[in-house]
Amino acid sequence: MDKLVIEGGVRLKGEVVVSGSKNAVLPILAATLLTDDACIIKSVPNLRDTNTMVKILRSLGKNVEFDKNIVSISSTKNLGFVADYKLVSSMRASFCVLGPLVGKLKKAKVSLPGGCVIGIRPVDLHLKGLRALGADISIESGYVVAKASKLKGANIYLGGVYGSSVLATGNVMMAAALAQDKTVIESSACEPEVVDLADFLIKMGAKIKGHGTPVIEIEGVKHLHGATHTIIPDRIEAATLMVAALITDGDITIKNAFPKYLGAVIDKLEEAGASLVRIDNSVSVRCVKKLKAVNITTLPYPGFPTDMQAQIMSLMSITPGISIITEKIYPDRFMHVAELNRMGAYIQREGPHAIVNGVKELSGAPVMASDLRASACLVLAGLGARGKTTISRIYHLERGYENLEGKLESLGAKIWREKE
Ligand code: UD1
């Protein structure tokens, strides 16, 4: 197993290009199960998660090639309907094959994904939505078993205790695309990744309106055809790079950053005192004065993304003042706090809040990544710290950031891999 080593304290400078969005591409790859025709998906990041989804599609009988950020999918035999525990348990997003399988085959057997370190992560909203469309769903030996004689459009309220659900909205939208009549999803997720999925489904012949708003309308069609689609840029990678510029007091231009997806993050960074200059789809980021602490609350889109909570905490940990960071989507998503404190941060956790007292500096230390975004948080902390940081269990990082260390190196960071 590899670990990442970072010699901190180097100001990052230069230009960097953001890869395609992990969270957009996973459901879009799953959506190709809705057709027997060939599909081509471009700007696919080469990640552990995208490779897992490719394996799942292959296990279901699709012929899939993944080369130079392009995935080509075609059908050679009948589609399978069983998504195995081994694959689904390694990545929660695999669960988004359920909606397309139910839509296309009217049957599916998909392993329940289980929880993970950021929380329990139930799937009740996914099941509620598919049941409303007429699927008969039972849980058998850790699998969701779904059957339907036909799917029929329905009015579905999909809000949960923590607000809307990104992948439940995707699953229901994909199944409803091939249902009879009209489906209305209320309290649907508005994330750009849901919009990208809807745009792809529309290219396949689906009739969808309202995506990007809390009410999505889907008029079912009998058949979906193949399509070619380019994935939107990864807003979380772009935002992570913005923090990398600020935590190193650097000056970087992030291309393919699509600032229109990052209103809440940009607003908070500007409130903290950062300079962000937007030109078309690029953003240039630097500090023009001493940053100050800001309070942050994570919320569904267009609110501040939970997937940036850990990274912004790194920055606040060395920003003078007190920052209160409130996690409203995953109240237990604070595994990174203890690791940041090992590097000299002064952060106390109080339920869903982290109270961050900015310290003068962090000092490099051996730390352990617990999940994807916590790994990014530790990389950022290492870049901003004095001395050497070693991060173990970096396979988490490889799940969701394409060549992050190469990109940081190209900006001047001293970062390399070593064998554990
Ligand atoms: C997606 C993202 C993930 C991000 C999250 C929230 C992908 C592949 N992953 O995950 O990176 O952190 O959105 O922005 O797109 N919930 C329920 N019942 C359900 C489903 C969800 O209670 O059936 C809860 C969750 O536990 C959580 C909240 O709803 O508290 C939002 O989760 P959700 O939007 O579903 O997250 P994912 O779609 O799994």
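In percent, what relative contact order does the chain have, based on Cα pairs under 8 Å that are 6 or more apart in sequence?
Averaging sequence separation for qualifying contacts and normalising by length gives 21 percent for the chain.
In the chain, what % of DSSP beta bridges are antiparallel (nearest 5)? Numbers along the way, then the final one.
On the way: 61 of 82 bridges.
Within the chain, antiparallel bridges account for around 75 percent of the total.
How many Å³ per residue does the convex hull of the Cα positions in segment 293-420 occupy?
Details: hull volume 13.5 nm³, N = 128.
In segment 293-420, the Cα convex hull volume per residue is 106 Å³.
Express the C-alpha Rg of segment 201-246 as a ratio against the empirical globular expectation 2.2 N^0.38 Å, rounded to two decimals.
1.73
What FRET efficiency comes out for the pair R386/Y85, r = Cβ-Cβ distance, R0 = 35 Å, nearest 0.05?
0.20
Assuming R0 = 22 Å, what is the FRET efficiency of N295 and K13, from their Cβ-Cβ distance, to the nearest 0.05?
0.15
From the gyration tensor of the Cα coordinates in segment 192-285, what semi-axes in whole Å does the equivalent ellipsoid have, largest first, with each one equal to sqrt(5λ)?
Values for segment 192-285, descending: 35, 14, 8 Å.
Over all Cα pairs of segment 4-64, how is the pair count split among 5 Å bins, expressed in % and running from 0 up to the last occupied bin?
Calculated P(r), rounded to whole percents: 4, 14, 23, 18, 12, 9, 7, 6, 5, 3, 0.
Using a 1.4 Å probe on the protein heavy atoms only, what accessible surface does E361 show? Give it in Å² to the nearest 10.
E361 exposes around 90 Å² with every protein chain in place.
Would you list E339, E271, E193 from the most to the least accessible area, probe 1.4 Å?
These residues rank, largest area first, as E271, E339, E193.
Most mobile of S317, S375, S43 per a Gaussian network model of the chain (Cα springs, under 10 Å)?
Most flexible of the set in this elastic network: S43.
log10 I(q)/I(0), Debye, Cα-only segment 62-133, no solvent, q = 0.12, 0.20, 0.26 Å⁻¹?
-0.41, -0.97, -1.23
Dividing the convex hull volume of the Cα atoms of segment 300-362 by its residue count, what figure in Å³ per residue is obtained?
Here the figure is 70 Å³ per residue.
Let me cross-check K109: its accessible surface, 1.4 Å probe, with only protein heavy atoms counted, in Å² to the nearest 10?
Surface accessible to solvent at K109 totals approximately 70 Å².
What span do the alpha-carbon atoms of segment 123-195 cover on each of the three principal axes, reported in whole Å from largest to smallest?
The Cα atoms of segment 123-195 stretch 31, 30, 19 Å along their principal axes.
Restricted to Cα positions, what overall size does the chain have along the principal axes? Three whole-Å values, descending.
Its Cα atoms span 64, 44, 40 Å along the three principal axes.
How much length, in nm to one decimal, is gained on full extension between I279 and D37, taken as 0.36 nm per residue of separation minus their Cα-Cα distance?
Gain in length upon complete extension: 83.3 nm.
Under the √(5λ) rule applied to the eigenvalues of the Cα gyration tensor, what semi-axes describe the equivalent ellipsoid of segment 378-420? Give them in Å, descending.
Those come to 16, 14, 10 Å.
Please express the shape of segment 1-140 as an equivalent ellipsoid: the semi-axes are the square roots of 5 times the eigenvalues of the C-alpha gyration tensor, given largest first in whole angstrom. Write out the running numbers ahead of the final one.
Details: eigenvalues 189, 85, 35 Å².
Gyration-tensor ellipsoid for segment 1-140: 31, 21, 13 Å.
Distance in nm between label sites at V221 and N51, each 7 Å beyond Cα in the beta-carbon direction?
It is 3.5 nm.
Could you give me the ³J(HN,Hα) list for segment 154-170, computed from phi with Karplus coefficients 6.51, -1.76, 1.60 and θ = phi - 60°, whole Hz, x at Gly and Pro?
Result, ordered by residue: 8, 8, 10, 8, 10, x, x, 4, 9, x, 6, 10, 5, 6, 5, 4, x Hz.
Hey, which lysines would be in cross-link range of K109, C-alpha to C-alpha under 26 Å, not counting anything within fewer than 8 residues on its own chain?
K22, K55, K62, K77, K86, K128, K147, K150, K152, K182, K222
The values are calculated or read from the model by the stated rules, or taken from the named source; none is laboratory data. Predicted, not measured: the structure shown is a model, and the values here were computed from it. When we count neighbours, we look across all protein chains shown, and the Cβ atoms used for this are built from the backbone with ideal geometry, even at glycine. To get the accessible areas, we keep the full protein, side chains included, count just its heavy atoms, and leave off ligands, DNA and RNA. Shrake-Rupley method; radii C 1.70, N 1.55, O 1.52, S 1.80 Å.
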